[in-house]
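For reference, the structure is listed below as structure tokens.
The values are calculated or read from the model by the stated rules, or taken from the named source; none is laboratory data. A quick note: this is a predicted structure, and the numbers were derived from the prediction, not measured. Every residue, glycine among them, receives a Cβ derived from its backbone with ideal geometry; neighbour counts consider all protein chains shown.
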Amino acid sequence: MSRLYDFRDYDKYLALKLSAGVWLVIAYLMRPYIVLIASFRMGRGGSQDEKGIRQLLYPDDFSLMLGIVVTMPVLILMFAYMKRKPSAGTFIRALWRNGKNLLGSAAILNIVIVFVPIMTEVISRIHAAGWIQIGVSIVILGYLFTSQHVKDTFADFPVGSKE
């Protein structure tokens, strides 16, 4: 336990917790799943809402599916986060150590998917939402690779008997 961080920054295993900034990055990168879940109507005649936020952000099923696929590195990191305890094996430890790279690759893939509709000739230019996605992804990359807290969090793992 370092004197660099407050005691509230540590979990029950005395390992650094994910910061609020990293949770915001994860929430942003997980937005295809959030939009998909939010687009289901509950109650009588529950089906998918054809108009609304899903239609605004993902005009077709291909765009949504592409968004879900590029989120896989974040899901892998969340798996490692759930298994992050002293008894975890070397595979989980390796995934955790590469957490910054997993989030960074998801952010880069978010930039790449903006250009897929242009390459497939579905659209001819990038719309405002695409430019915003590129900008946010660049800010995320800057945060992930310049923040000392992020670096320390993914370097820290609960000490166990398998060290």
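So, in the range 142-160, how many residues would count as being in a loop (DSSP other than H, G, I, E, B) and within 17 Å of LEU102 (Cβ to Cβ)? Outline the logic, then answer.
Filtering the range 142-160 down to residues in a loop (DSSP other than H, G, I, E, B) leaves 147, 156-160.
Adding the requirement that they be within 17 Å of LEU102 (Cβ to Cβ) leaves 147, 156-157.
Counting residues in the range 142-160 that are in a loop (DSSP other than H, G, I, E, B) and within 17 Å of LEU102 (Cβ to Cβ) gives 3.
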Review point. Are any of the residues in the range 142-155 out of contact with any strand residue (DSSP E or B) (no Cβ under 6 Å at 6 or more places or on another chain), within 26 Å of LEU77 (Cβ to Cβ), β-branched (Val, Ile, Thr) and touching a residue at least 12 places away in the same chain (Cβ under 8 Å)?
Key: yes
Practice item. Determine the pairs where a residue that is under 28 Å from VAL22 (Cβ atoms), located within the range 122-137, has a partner that is aromatic (Phe, Trp, Tyr) and assigned to a helix (DSSP H, G or I) with Cβ atoms under 8 Å apart, the partner being 6 or more residues away or on another chain. Key: ILE126/PHE115; VAL136/TYR28
Check your understanding: Looking at the range 23-39, which of its residues are free of Cβ contacts under 8 Å to residues at least 40 places away in the same chain, buried (at least 17 other Cβ atoms within 10 Å of the Cβ) and among the β-branched types (Val, Ile, Thr)?
Key -> VAL35
Study note, to complete from the structure: Over the range 83-104, the set of residues closer than 30 Å to GLY135 by Cβ and buried (at least 18 other Cβ atoms within 10 Å of the Cβ) is LEU95, TRP96, GLY99, LYS100, LEU102, LEU103, GLY104
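Kindly establish whether LYS51 is at pLDDT 90 or above, assigned to a loop (DSSP other than H, G, I, E, B) and either within 28 Å of PHE157 (Cβ to Cβ) or more than 12 Å from the chain's Cα centre (by Cα) (or both). Even if it seems obvious, please write down each step before you answer.
Numbers: at pLDDT 90 or above: no; assigned to a loop (DSSP other than H, G, I, E, B): yes; either within 28 Å of PHE157 (Cβ to Cβ) or more than 12 Å from the chain's Cα centre (by Cα) (or both): yes.
The answer is no for LYS51.
Say we look at the range 111-141 and pick out the residues that are of a type outside the set (A, V, I, L, M, F, W, C) and either buried (at least 17 other Cβ atoms within 10 Å of the Cβ) or part of a helix (DSSP H, G or I) (or both); which of these is modelled with the lowest pLDDT?
Among those residues, the one meeting the criterion is PRO117.
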Exercise for review: Please tell me if TYR58 is modelled with pLDDT under 95, buried (at least 17 other Cβ atoms within 10 Å of the Cβ) and aromatic (Phe, Trp, Tyr).
Suggested key: yes
Check your understanding: Would you say VAL35 is closer than 19 Å to ALA129 by Cα, modelled with pLDDT of 90 or more and not hydroxyl-bearing (Ser, Thr, Tyr)?
Key -> no
Check your understanding: Can you tell me which of LEU14, LEU24, LEU18 is of a type in the set (A, V, I, L, M, F, W, C), modelled with pLDDT of 90 or more and part of a loop (DSSP other than H, G, I, E, B)?
Key -> LEU18
